[in-house]
1. On average, how much accessible surface per residue is there in segment 93-179, in Å², for a 1.4 Å probe, leaving out ligands, DNA and RNA?
2. Pull up all non-local amide H partners of Ser326: gap of 5 or more, or a different chain, and H-to-H distance under 5 Å with H placed in the peptide plane.
3. For the chain, give the magnitude of the charge dipole about the Cα centre (Cβ charges: +1 Lys/Arg, -1 Asp/Glu; no others), in debye to the nearest 20.
4. What ranking of Thr236, Thr307 comes out by heavy-atom accessible area, probe 1.4 Å, highest first?
5. Please give the solvent-accessible surface of Glu224 in Å², to the nearest 10, using a probe radius of 1.4 Å with every protein chain present.
6. Cα centroids of segment 333-355 and segment 1-48: how far apart, whole angstrom?
7. Where only protein heavy atoms count, and the probe is 1.4 Å, what is the accessible area per residue for segment 327-471 in Å²?
8. Do any cysteines in the chain lack another Cys Cβ under 4.7 Å, and if so which?
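The values are calculated or read from the model by the stated rules, or taken from the named source; none is laboratory data. Since we're looking at a predicted model, the values are computed, not measured. Here the Cβ positions follow ideal geometry from the backbone for every residue, glycine too, while neighbour counts run over all protein chains shown. Keep in mind that these areas ignore ligands, DNA and RNA; they rest on the heavy atoms of the full protein, side chains included. Shrake-Rupley method; radii C 1.70, N 1.55, O 1.52, S 1.80 Å.
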Amino acid sequence: MAMKREYGAEQPYIKCGMFKVRIPFIHCNPTFPEAIQGMCNGVLCFGAISTIMLCTGVSEEAAFAAAFLSTFLYLINSLAGDPTVCGWIMPAIPLVVAFCQGYPEELRVQAMAALQLMLAAIFLFLGGTGLAKKVIAYVPPSIKGGIVLGAAIASIFGEYKEGGRVGQFPVTIMVSTVVMIFFLYSPVFKSWVKKGNPIAKILASLGLVPAVVLAMILAGVTGESPTQFSLFPIVTIPNFGAMFRELSPLSVGFPSIGILLSALPTAFAIYIVAFGDTLVLKEIVRDGTASRKDEYCELNVNRVSITAGLRNLILGLLCPFGPLASPLGAAFTISMLQGYQDRGEKGFYSVHGGAMSGNYMPFLTMLFTPIVSLVRPIAPICMSLCLVSQGFTCTASGIGLCRDKADLSIAGAIAAVMVAKGAAWGFAVGIVCYIFIASSKKRQEDIAYNRSVIEAEEEEERKALALRQGA
């Protein structure tokens with residue numbers, strides 16, 4: 001039986017500097033619905049294999065082992081104390097592919113390593129110095145809102161544009177998306193749950209899983225992605241030897257100073273994308289935990305930056321990983337927090353139990369052939385569902401960050417440019433718009449507002465600490 005907490009306090013943990021280590025079944029219990037969703041997340045991780053091979057040209061065996069190791073490292077987030085489910089920096093994948101393919105094939109592994117190591121250095125520097133929290137704290141609400149809104153629109157636009165996944169699996173994705181949105185967000189469905197409808201309660205507790213199961217059925221019936229099943233070998237062990245020989249700089253050689261320096265501009269551009277992920281993460285955690293007064297939920301942006309940096313550093317040294325490591329797997333974090341709100345203290349005691357389930361299950365799932373064989377053919381469809389879910393939630397979060405019409409105008413401009421030209425352009429346009437539109441009075445008001453938000457967060461943290469010390 002996991003440890004209990006005082007009402008309004010933080011779930012027990014072992015303090016290790018800024019890290020808050022929680023051990024499964026001792027400090028919190030994993031949750032079954034989120035474990036099922038974690039299994040779906042594990043199947044999605046197979047989608048990284050093609051990106052790794054495209055960036056580096058290595059064998060599928062080596063790419064599979066790298067995808068597995070990346071998924072295994074999700075544990076770092078749960079052990080560090082972050083109430084999130086991990087993921088990749090998906091919007092940055094085109095940047096990564098373009099950078100790596102700019103080098104001859106024999107240098108692409110080193111180029112990928114250079115890019116990931118430089119990104120790790122940025123994350124670790126900003127998190128270790130405490131600048132990550134300050135940067136996010138003092139970005140104007142309009143620019144924050146624009147980045148989050150841009151990420152939301154880009155997530156959905158990428159699926160429905162020409163060449164997107166909807167064109168490849170139209171019936172399966174569109175029908176599954178409608179069902180997913182109804183189960184996750186519809187007030188009508190939520191009213192059924194509140195009235196105690198037993199079927200609605202079960203479906204609500206499973207998050208994305210009903211939509212994934214429906215997608216599996218529809219893909220087979222329509223022929224858009226025929227069902228496959230393999231029983232043996234029941235357990236597939238990744239070929240870490242091939243991974244180390246083909247991918248690790250410790251084996252193939254470290255990138256030269258020239259390659260490292262050439263990777264720096266792209267690494268900064270990718271950090272801007274990841275900065276958007278961090279903003280999204282902060283908002284969805286805040287929104288998803290606001291209704292639960294029984295548990296204090298801390299999201300330390302500096303810690304988030306350090307854990308993302310550690311994952312990128314380990315991958316950069318052992319198996320440079322094309323999709324990179326983000327602090328946020330948006331769809332699964334959103335679904336987990338939705339369950340945290342809906343099921344209440346009795347049905348979902350601690351947010352960390354859900355995050356633990358979501359982070360531990362993916363790498364375990366990747367080992368079991370029968371599960372993977374069933375869901376792997378619809379991995380692109382599941383990815384599409386995740387991105388649309390992210391876009392649906394983050395649209396509200398992005399608009400909610402804006403405080404007035406001027407903020408909305410700037411945010412709209414940032415979002416439009418981000419979709420058309422990418423995160424770096426959107427961020428630059430936001431800065432220019434803010435300089436020319438915001439009056440000196442508004443700038444002072446924005447700074448005062450940001451400070452008040454920081455003070456409120458710090459006060460909540462002090463209260464939770466006092467409850468823990470008094471326990």
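1. Per-residue value: 41 Å².
2. Sorted by chain and number, the residues that satisfy this are Gly87, Trp88, Ile89.
3. Using Cβ point charges on Lys, Arg, Asp and Glu, the chain gives about 820 debye.
4. Thr236, Thr307
5. My reading of the accessible area for Glu224 is about 40 Å².
6. Each part's Cα centre sits 11 Å from the other's.
7. 44 Å²
8. Cys16, Cys28, Cys40, Cys45, Cys86, Cys297, Cys319, Cys382, Cys386, Cys394, Cys402, Cys433
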